[in-house]
Amino acid sequence: MSTAWRRRTTSRSRTSGIALPAALFVVTAVSCLTTAWFLPDSLSMWPSVLLSLAASAALWWRHRRPLTVLAVTALCTMTLGALGFLLTPLVMGPLLAALYSVALRTGRSTTWYSASAAAAGMGLAGLGLTPSLRGSMFVVFINPVGWVLLTAAFGSYARVRREYAAARAEHQEREREELARHHVVQERMRIARELHDVVAHHLALANAQAGTAAHLARSNLAQAVEMLEHLSGTTAQALREMKRTVGLLRQDGDTPDDLLPAPGLEHLPGLLDTCAEAGLDVSVEVRGEPRVLHPGLNLTAYRIVQEALTNVTKHAASATARLRLTYTPSDLTIAVTDDGSPRGGAVRRRRTERGFGLVGMGERALAAGGSFRAGPRPQGGFEVLCSLPLNDDERSAS
């Protein structure tokens with residue numbers, strides 16, 4: 001908050017703190033003078049003006065010492081009643097304002113104890129009214145007591161409303177904080193999946209290429225050198241994708257101009273080339289009319305295909321795999337299959353466990369509203385099957 005705004009707020013607070021006591025003093029004094037004018041039965045005007053001034057001036061401290069101010073205004077009002085002035089709401093204005101402040105700033109029990117004491121005092125003060133009014137129970141007792149209790153009830157209601165509003169605002173703030181934390185966790189999980197897919201895929205290809213190059217170095221040095229050249233390209237691509245993914249963690253002020261766009265199914269030829277360099281031949285079959293996918297779904301489909309082919313490269317004793325993309329009016333189905341059995345020590349883990357790759361693919365599919373299934377095929381090999389729903393924009397773009 002700026003200094004000028006603070007000064008303006010403080011000035012308004014002081015003005016309102018002075019305006020209320022001044023207004024109540026004028027109203028109370030005029031009411032007493034009016035009563036003395038119409039009921040001139042030995043009513044003294046100057047004491048009423050001084051008592052009105054004292055009760056109204058005490059309201060200046062109503063925020064800091066509400067109970068003390070209530071006691072002072074109650075004594076002044078009782079004295080006015082004892083002097084014979086009619087205790088109307090206008091005459092009791094300072095008392096009612098003080099009682100309202102007590103109801104706002106103290107607890108429920110304190111408010112009603114104070115209100116009961118003030119109501120009893122007003123009832124006793126009514127006995128000092130002029131003889132012509134003593135016969136009326138409404139004027140003597142019910143009127144002042146009723147206004148005191150009504151003010152206490154209204155102040156208690158206002159306090160409850162304020163507490164409810166404060167509690168609701170605090171609850172909404174906690175909900176916003178929880179939602180922000182939830183979004184942070186979701187974003188971290190998404191980035192973790194991206195990093196896993198990038199690292200697992202490219203390191204698996206690099207490992208396969210390095211192994212092939214080491215094998216060829218004994219028999220065909222030229223082909224081994226060519227394989228090592230492909231290996232450098234694979235690691236460079238891995239570094240670029242990791243740079244793009246980690247760049248999501250940058251501050252808002254950083255410029256993302258050097259970040260690469262998110263990959264999609266249009267990048268499948270490059271992915272298949274890297275698989276071929278690692279010794280995996282992938283055949284692609286597209287059924288139905290291809291759709292234009294929105295970026296999120298496009299990235300999800302690409303990552304699932306990438307991870308599925310990575311698993312074939314790492315775990316399957318097969319040099320071939322099949323990728324089938326089936327477009328229907330409602331969804332996109334991705335199927336990646338191989339005919340090889342798991343390699344060596346990977347047999348037990350692939351049959352009985354779900355690694356991070358399968359878990360990540362399943363989470364991606366479920367986050368997009370689709371389904372995911374992965375497991376051994378009855379005729380041998382392994383299959384990854386995923387179905388992703390197409391939204392209305394993608395259906396209309398066909």
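The values are calculated or read from the model by the stated rules, or taken from the named source; none is laboratory data. As the structure is a prediction and not an experimental result, all values here were calculated from the model. We place every Cβ from the backbone using ideal geometry, glycine too, and count neighbours over all the protein chains shown.
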- Determine, yes or no, whether T73 is more than 18 Å from A29 (Cβ to Cβ) and in the same structural domain as M122 (by TED's automatic domain parsing). no
- Task: Would you mind stating whether A125 is over 39 Å from the mean Cα position of the chain (by Cα), at pLDDT below 85 and under 16 Å from A98 (Cβ atoms)?
- Result: yes
- Query: Here is a list of conditions, (1) of a type outside the set (S, T, Y); (2) assigned to a helix (DSSP H, G or I); (3) modelled with pLDDT of 75 or more, and G17 meets all of them except one; can you say which number that is?
  - Reply: (3)
- Are any of the residues in the range 80-90 β-branched (V, I, T), at pLDDT below 85 and not in a helix (DSSP H, G or I)? yes
- Task: Quick one: P290 ticks every box in (1) over 20 Å from L388 (Cβ atoms); (2) of a type outside the set (S, T, Y); (3) assigned to a loop (DSSP other than H, G, I, E, B) except a single one, so which number is it?
- Result: (1)
- Which residue, of V160, V148, is at pLDDT 85 or above, hydrophobic (A, V, I, L, M, F, W, C) and closer than 19 Å to A97 by Cβ? V148
- Message: For H201, only one of the following conditions fails: (1) in a helix (DSSP H, G or I); (2) more than 29 Å from the chain's Cα centre (by Cα); (3) modelled with pLDDT of 70 or more. What is its number?
- Response: (3)
